[in-house]
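Data first, discussion second: the structure below is written as C-alpha cells.
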Amino acid sequence: MKEVVGVSLCLLGLACRYNGRAKKMRGLERFLERFSPLPFCPEQMGGLPTPRPPTQFFGGDGRAVLMGQARLINEEGRDVTDVMLKGSRMALSLVKLLGVKKLFLKEKSPCCGVNKVWIEGKLVEGCGLLKALVEREGLSIEVVVGDEF
Ligand code: SF4
C-alpha cells in the first residue's frame, strides 16, 4: 500500500496559485507511483480567490508571524495574515486527522514555503506558515521541498 503524504495542490498540476497557474512538480508520475497524495491549498482553504494578488512577509517569516512579530501583506496593501493562518491551520488539521507523516510543499510560498520565502522584496532563508505550525506543535512530520521528485 502506498504511503499517504500531504502535497501542495499546485504541485499536482492544479491551477490554484496566486497567478492562476499551477506549478506541477517535475517527476509527478514517479511521485504518484510511490505515494498517495493528500492535496491542500492553504490560501484557497483560508478563503482567498484565484487569481489573487501576490503576497509577501514583512518583519520575518512564518515563525515570526506565529510569535506576533511579522505579517503577510499582499500587493494591494491588504493584510492577509489571518486568512492565510486560517487556511494553514485547516491544512494541518487535515494532515493530523489522517495521520500523515510527510509533506511535500511548494517552495517560496507564504503558506507552503519550506526553506525560502519572500520577505520585504527579497528571497531569503525562512519558512511559510504551515511548516512553522508543524514546528511549533512539535509534530513528528517531515516537511520537504516538493517542487521536484
Ligand atoms: S498556498 Fe500552497 S498549494 Fe496553494 S497555491 Fe500556494 S503554494 Fe500552492
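Every number in this text was worked out from the coordinates using simple rules, so none of it is lab data. None of these values were measured; they are calculated from a predicted model. With ideal geometry, Cβ positions are generated from the backbone for all residues, glycine too; neighbour counts draw on all protein chains shown.
Restricting to Cα pairs below 8 Å that are 6+ residues apart, what does the relative contact order work out to for the chain? Please round to a whole percent.
Working: 344 pairs, mean separation 39.2, N = 149.
Normalised by residue count, the contact order of the chain is 26 percent.
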- Message: Given axes a ≥ b ≥ c from the Cα gyration tensor, I'd like to know whether the stretch 34-74 is rounded (a/c under 1.5), prolate (a/b larger than b/c) or oblate.
- Response: oblate
- Can you list which of the GluC sites (Glu not before Pro) found in the stretch 5-80 are DSSP loop residues with at most 16 other C-beta atoms within 10 Å? 75, 76
- Query: In nm, what is the difference between 0.36 nm times the number of residues separating residue 36 and residue 139 and their Cα-Cα distance?
  - Reply: 35.0 nm
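Which trypsin sites (Lys or Arg not before Pro) does the stretch 57-149 hold that lie in a coil by DSSP with at most 16 other beta carbons within 10 Å? Write out the running numbers ahead of the final one.
Working: sites: 63, 71, 78, 86, 89, 96, 101, 102, 106, 108, 116, 122, 131, 136; in loops: 78, 101, 106.
Loop-located and lightly packed - 78, 101.
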- Message: Under the rule of at least 5 residues apart or a separate chain, name every residue whose amide H is placed under 5 Å from the amide H of residue 7.
- Response: 38, 40, 104
- Note on the structure: With bins of 10 Å, the percent of all Cα-Cα pairs of the chain per bin from 0 is 12, 46, 34, 7, 0
- Query: So, with +1 on the Cβ of K and R and -1 on the Cβ of D and E, and no other charges, what is the size of the charge dipole of the stretch 3-145 about its Cα centre, to the nearest 20 debye?
  - Reply: 280 debye
- Burial order of peptide ranges 55-61, 142-148 (average beta-carbon count within 10 Å, highest first): 55-61, 142-148
- Message: Once R0 is set to 22 Å, what does the formula 1/(1 + (r/R0)^6) return for the Cβ-Cβ distance between residue 79 and residue 125, expressed as a FRET efficiency to the nearest 0.05?
- Response: 0.40
- Which residue, 67, 25, 90, has the most motion in a Gaussian network model of the chain that connects Cα atoms within less than 10 Å? 67
- Note on the structure: Listed residues 72, 123, 105; largest mean-square fluctuation, Gaussian network over the chain with Cα springs below 10 Å, found at 123
- Query: How many percent of DSSP beta bridges within the stretch 3-145 run antiparallel, rounded to 5?
  - Reply: 40 percent
